[in-house]
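Below is one structure, written out as structure tokens; the observations come after it.
The values are calculated or read from the model by the stated rules, or taken from the named source; none is laboratory data. This one's a predicted model, so the numbers in the text were calculated from it and none came from an experiment. All Cβ positions, glycine included, derive from the backbone under ideal geometry; neighbour counts span all protein chains shown. The accessibility values were calculated without ligands, DNA or RNA, using every heavy atom of the protein model including side chains. Shrake-Rupley method; radii C 1.70, N 1.55, O 1.52, S 1.80 Å.
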Amino acid sequence: MQNNEENSKNGIKYKSSTAFDGVIDGFINSLLENFAGFLFGKIDFDAESLQTIKEYSNKNNIVYVSFHSSNISLLIFCHLLKKHNIDLPIVALDENPYMMQTIKHLSKRVIKSIKKRLFGKKYEDIFETDYIEKQLWDKKSILVSLFSRKFFLRRYMEIKYDSLTYLVKLQKTFNNPIYLLPQMIFWNLNPERTNISVASQATGDRGLISGLITTLKSATPAFVRILSPINVAEEIENAGTNDPEQIAIALRNKLLEKYYHEKRAATGPVIRSNQEMMEKVLYHKDVLEMIEKQAKREKVSERHLRKNAYEYYRELAANYSVLVLSLCKRVVEFILNKIYDGIQYDPESIRKIREASKKGPLILLPTHKSYLDFIIVPYLFFINKLSSPHIVAGKNMAFFPLGTLFRRSGAFFIRRTFRGLKLYSAIVKQYVRTLLLDGYSILVFMEGTRSRTGKLLLPKLGILYYIIDAIYAGYNEDLVFVPIAIDYDRILEEKAHLKQLKGGKKTDESMSDMIKSRKVLKKKYGKVYVSFSDPFTLKEISAGITDIKAIPDLVANTVINKISGVTVVTPFALTTTAMLILSTKGFSKLVLIENSKALFLYLQQTNSRFSDTLHKDADIDEIIEHVLESYLEDNIIQQIKIESGTKEEIIQDLYVLKDDNRIRINYYKNCIIHYFIPISLTSMAILYINKITGGKAVKEADVKKEYEFIKDLFRREFIYKDDDNLSDIIHDEVYKYFKQKSVLSREKDGMLILNNNINNLKIFASIMKDHFESYYAALKTIVNLKAGQVKKEKLVMDIRKNALKMFHMGEIYLWESLSLPFYVNAISRFSDEKILKGGARDVKNAEIKLEDTEKAGIFLQKIEDYLNIIR
């Protein structure tokens, strides 16, 4: 259109002009670009947003929807687009982008304004032309501001000028969809507080000075976030109405909902002051009623109990600070870069968690293998612009001065037992309820303590009960559970775990321990692997369940099963499992490679999750060499040297694994042992039946029976999947593997071991050999118990003494079978069988006595038969 063209509408002559207020011609001059780069150079898209915007920049009909209206916000956004070689929008609707316009265009706008005001000239509005339509047809993008006060009045009062309504009408004439890409600037990640100043707010408009001051004083870097895009064509299709104005209102509401959700996901809920939080908890009627009841029952003053309540709260509560979190991020990065080679995780999982957080507070449930677990998940949340969770920590972690640091990072500290502390329990319960009322995410180590063996521990449900109970008490509408597996190539606590597995006492954490642990900064421990299983909600899992008390168990079992499915098989876990199958002290690399390849093939067929280095075309030889080098460096394995003339020579292809170090690295085998349960137990069952039949065909019904017996024997060691029952006697994956390796064949009379090929069966059966030996040693001690009762703690040590004797006398062969957790579980398991009385409870001082000697003897003989097969 030319500037002098005139149109007549409703008897009024309108002057046409391309000097529309919002036109920026996709242009940013070098002076402005340098200006923006100098003042706001540290601002950038976050990684997920950059991926989204690059993906959609190649599509047609892109409309950026901004939750800002200032020229500085627009300048920053356009600067970033140009920085990443993405075309700038051609027009900014509902904005006055004068800083982005040329002198020529500004001059036209001034002349146009003068003519309107002085001479009453009428000009077409941009919505009355085909200008926007042409730009979109030409694959140009546009921008719409949603939060402009000036243009809100125009849009609201002059209904015909609504940008979203215009886009809806335009979409109805387009074959291809229009995509809305909402964008917002986070000037910082400061959570909102009840007494926050406007200058400290994370979002909203900023001018040049306020924007600069905010970014300079912020503890966290500013960034631009692209929210999940909206397909306007799909919105129209699903609207249930043809009215463009109603569809536009629904679109606006959806965009605003996205804005507020994204803001909450990144900065978290409004933070109460410490005083406000304390009053909310301690003045709650449940706490006050508990004080009143306890005062009457114990005949003490309410003042005394209120003082106790105050001390309990002070001991418990977090004191969240985003500044401390920002400092912690740098410390974490320093530590991780020093001792690890990075963290492997899937960014897509973060996107799913961000989306799921719309449904309710996140309850993060990671495995617990190392003290580093406390910082890894919050760190990943922080760097991915998600609000860091509150962390349930043991009171032992509250030592000075790190306890203060942890508390300021969102940790709250609880005692290991609430026994006899009803008032304390009431305060913890109400504190958790208040966190969920405010919408905080909570991170809970469901196992209750670090796993010293590498296996998943049976979950402790105390805090989980409180969390779920809070929803049924009306403190929030739903919860989103996120199962998380944290795996390490190697953990820092190897030696500490080894000491405790051999009977050493766990010492309380202290600053001196942390100072001593500085030695670890001089070593590399491989990679950290964080795997997020798909989130699920409380409403989803509890649908149809009437017994609320059953829900925590259901949630816990679901979480454990989901974690088992995403646990990462690392190079160290695979190689160590292959190494520990061998009972001999010495081994050759050739045998180790053969075993590793057999395990690797089975894991591939069962779709197990691997680290990035263990892909399908991985060089197993190279991976094993890497693990051997690491173990040689730490003297876990050794090479034998002999004198040859005047110098020493290393005996090639011979490695020696010291007995004591077998327990130390057994941890890594146990991290992935759950993947091998079906094939290991099946292999043992087949070998056992094969021995009974004298090498003839084995009936699958007999294999199933034997499998179920072994599985039941070790039910205190593992949390089995619900679908772990044998559907057609042998798991499909197990039979498929053995058939491919020419080990088994199904015949009319049963299964045949082909060519007497039992070596493959023994390899997998031997994965569980330490379990069989431990239970064998336990029963050998139990059958010789004298009349009367014995303390559980003493019985555990008696079993270990006896096991040491048996090891040195050649009755058992594996040093890792001398691990105390095996004996504790064995006592509980044989109490389940009524062989023992009093050992099922998790109490150290429990009094135990032998109940059924005959049954103990039957179990003992059965386990001995199993061991004789694989010795």
Query raised in the report: Just a yes or no: is a residue in region 561-582 open to solvent by 30 Å² or more (accessible area, probe 1.4 Å) and in contact with an Asp or Glu (Cβ under 6 Å, 6 or more places away or on another chain)?
Result: no
**Report entry** Subset of region 83-98 [open to solvent by 50 Å² or more (accessible area, probe 1.4 Å) and either part of a helix (DSSP H, G or I) or in contact with a Lys or Arg (Cβ under 6 Å, 6 or more places away or on another chain) (or both)]
**Finding:** LYS83, TYR98
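Which ones in region 306-333 are among the charged types (D, E, K, R), under 21 Å from the mean Cα position of the chain (by Cα) and exposed (fewer than 15 other Cβ atoms within 10 Å of the Cβ)?
Within region 306-333, ARG330, GLU333 meet the criteria.
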Report summary line: Residues of region 216-228 being within 14 Å of MET184 (Cβ to Cβ) and either open to solvent by 20 Å² or more (accessible area, probe 1.4 Å) or among the basic types (Lys, Arg) (or both), in sequence order, are ARG225, SER228
Report summary line: In the set ARG351, ARG330, the lone residue that is more than 21 Å from VAL392 (Cα to Cα), touching a helix residue (DSSP H, G or I) at 6+ places or on another chain (Cβ under 8 Å) and assigned to a helix (DSSP H, G or I) is ARG351
Query raised in the report: Would you pick out the residues in region 206-227 that are assigned to a helix (DSSP H, G or I) and of a type outside the set (S, T, N, Q)?
Result: LEU208, ILE209, GLY211, LEU212, ILE213, LEU216, LYS217
Query raised in the report: Based on what the data block shows, is ILE196 within 30 Å of LEU323 (Cα to Cα), modelled with pLDDT of 85 or more and not in a helix (DSSP H, G or I)?
Result: no
Report task. Go through the residues of region 249-260 one by one and say whether even a single one is loosely packed, with under 13 Cβ neighbours inside 10 Å, closer than 30 Å to SER357 by Cβ and either among the acidic types (Asp, Glu) or in contact with a strand residue (DSSP E or B) (Cβ under 8 Å, 6 or more places away or on another chain) (or both). Result -> yes
Report summary line: Per the filter on region 58-73, residues touching a residue at least 60 places away in the same chain (Cβ under 8 Å) and assigned to a helix (DSSP H, G or I) are ILE72, SER73
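On the basis of being modelled with pLDDT of 90 or more, farther than 19 Å from PHE20 by Cβ, assigned to a loop (DSSP other than H, G, I, E, B) and of a type in the set (A, V, I, L, M, F, W, C), does ILE76 make the cut?
It is false that ILE76 is modelled with pLDDT of 90 or more, farther than 19 Å from PHE20 by Cβ, assigned to a loop (DSSP other than H, G, I, E, B) and of a type in the set (A, V, I, L, M, F, W, C).
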**Report entry** Test for PHE35: is it over 14 Å from PRO182 (Cα atoms) and either surrounded by 15 or more Cβ atoms within 10 Å (Cβ to Cβ) or touching a Leu at 6+ places or on another chain (Cβ under 9 Å) (or both)
**Finding:** yes
Query raised in the report: Among ILE383, ILE471, ILE484, which is under 18 Å from the mean Cα position of the chain (by Cα), closer than 22 Å to ALA356 by Cβ and at pLDDT 95 or above?
Result: ILE484
Query raised in the report: Quick check: is even one residue across region 129-145 touching a Lys or Arg at 6+ places or on another chain (Cβ under 8 Å) and open to solvent by 20 Å² or more (accessible area, probe 1.4 Å)?
Result: no
Report task. Starting from residues that are in contact with a strand residue (DSSP E or B) (Cβ under 7 Å, 6 or more places away or on another chain) and not in a strand (DSSP E or B), keep the ones in region 637-650 and report whichever is nearest to ARG490 (Cα to Cα). Result -> GLN639
Query - Close pairs from region 133-144: first under 19 Å from LEU74 (Cα atoms), partner assigned to a helix (DSSP H, G or I) and open to solvent by 10 Å² or more (accessible area, probe 1.4 Å), Cβ under 9 Å, at least 6 apart - result: LYS140/LYS134; SER141/SER57; SER141/GLN135; ILE142/GLN135
Report task. Would you point out which residue out of ASP547, ASP619, ASP553 is surrounded by fewer than 18 Cβ atoms within 10 Å (Cβ to Cβ), touching a residue at least 24 places away in the same chain (Cβ under 8 Å) and either over 30 Å from LEU867 (Cβ atoms) or among the basic types (Lys, Arg) (or both)? Result -> ASP553
Report task. Might you check whether a residue that is closer than 23 Å to ASP865 by Cα and open to solvent by 50 Å² or more (accessible area, probe 1.4 Å) occurs anywhere in region 726-733? Result -> no
Query raised in the report: Is region 334-342 home to any residue that is in contact with a helix residue (DSSP H, G or I) (Cβ under 9 Å, 6 or more places away or on another chain), crowded, with 20+ Cβ neighbours inside 10 Å, touching a residue at least 24 places away in the same chain (Cβ under 8 Å) and outside any helix (DSSP H, G or I)?
Result: no
Report summary line: Within region 420-462, residues being assigned to a helix (DSSP H, G or I), out of contact with any helix residue (DSSP H, G or I) (no Cβ under 7 Å at 6 or more places or on another chain) and hydrophobic (A, V, I, L, M, F, W, C) number 2
Query raised in the report: Out of all the residues in region 602-616, is one or more among the aromatic types (Phe, Trp, Tyr), farther than 24 Å from GLU494 by Cβ and assigned to a helix (DSSP H, G or I)?
Result: yes
Query raised in the report: So which of LYS549, LYS589, LYS539, LYS597 is in contact with a Phe, Trp or Tyr (Cβ under 8 Å, 6 or more places away or on another chain) and of a type in the set (D, E, K, R)?
Result: LYS589
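Hey, any hits in region 579-598 for a residue that's within 26 Å of the chain's Cα centre (by Cα) and part of a helix (DSSP H, G or I)?
no
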Report summary line: Selection from region 235-288 of residues β-branched (Val, Ile, Thr) and either closer than 20 Å to SER409 by Cα or assigned to a helix (DSSP H, G or I) (or both) yields ILE236, ILE247, ILE249, THR267, VAL270, ILE271, VAL281, VAL287
